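A short write-up of the structure that comes next.
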Amino acid sequence: MAIRKVVKIGNQTLRKTSKPVLQFDENLWQLLDDMTATMIETKGVGISAVQVGVLRRAIVVQLEDDKFLEIINPQIIKTRGKAIESEGCLSVPGFYCDVERPKYVKISAYDRNGNPFEFEAKDYIARCVCHEIDHLNGILFVDLTEEGRAYKKSNGVE
């Protein structure tokens, strides 16, 4: 596992839509392992492939201290409820703001071997999953609130 450089706000890679993963092979496995190592090293709780400069629909979310969920080609099937909580991001270091997200999310996705699965999450994990899926679509949490948009404007970043 290698630690990769985290792409920061202002880099246009973060604004691009990631492409679906088509090959479930050693290259994907290495990417997922590197993403997990990078997330742990940078003290994150979720990371998307785009955050390490790879435009593929892959994310990793920490479930517990030593458990991680790898999510490939996620599709949100269902959401329920709303909650406003503080968020931060490895790609926007040092900035936090309140963001509205679903309290519950159900997704369909694939694991690292190409096996389909569904996953349900609520509260904090639902927030993390939605945050990371947004990354795959070129959306940053700072795009979702007035406070975040003011941060972008005052820092001259998009």
- Message: For the structure I just gave you, tell me whether I84 is among the β-branched types (V, I, T) and more than 11 Å from the chain's Cα centre (by Cα).
- Response: yes
- Task: Give the residues of the stretch 104-155 that are part of a loop (DSSP other than H, G, I, E, B) and without any contact (Cβ under 8 Å) to a residue 24 or more places away in the chain, sorted by residue number.
- Result: N115, I139
- Does the stretch 18-29 contain any residue that is touching a Cys at 6+ places or on another chain (Cβ under 8 Å) and under 17 Å from D111 (Cβ atoms)? no
- Kindly indicate whether any position in the stretch 55-62 is of a type outside the set (G, A, S) and more than 24 Å from I40 (Cα to Cα). no
- Task: Using the structure shown, decide if V61 is of a type outside the set (S, T, N, Q), touching a Cys at 6+ places or on another chain (Cβ under 6 Å), under 27 Å from L28 (Cβ atoms) and at pLDDT 95 or above.
- Result: yes
- Item | strands (runs of 3 or more DSSP E) wholly inside the stretch 1-95 that include at least 1 residues being surrounded by 12 or more Cβ atoms within 10 Å (Cβ to Cβ) and in contact with a Ser or Thr (Cβ under 6 Å, 6 or more places away or on another chain) | 58-64, 67-80
- Message: Under 9 Å between Cβ atoms, which residue pairs at least 6 apart in sequence (or on different chains) link something in the stretch 81-103 that is in contact (Cβ under 8 Å) with a residue 40 or more places away in the chain and under 14 Å from V7 (Cα atoms) with a partner that is among the hydrophobic types (A, V, I, L, M, F, W, C) and in a strand (DSSP E or B)?
- Response: C89/F95; L90/I47
- Task: Examine the stretch 20-37 for a residue that is of a type outside the set (G, A, S) and farther than 15 Å from R112 by Cβ, and state whether such a residue exists.
- Result: no
- Considering only the stretch 133-144, how many residues are buried (at least 21 other Cβ atoms within 10 Å of the Cβ) and under 13 Å from L55 (Cα atoms)? 3
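The values are calculated or read from the model by the stated rules, or taken from the named source; none is laboratory data. Values in this document were obtained by computation on a predicted structure and should not be read as measured data. All Cβ positions, glycine included, derive from the backbone under ideal geometry; neighbour counts span all protein chains shown.
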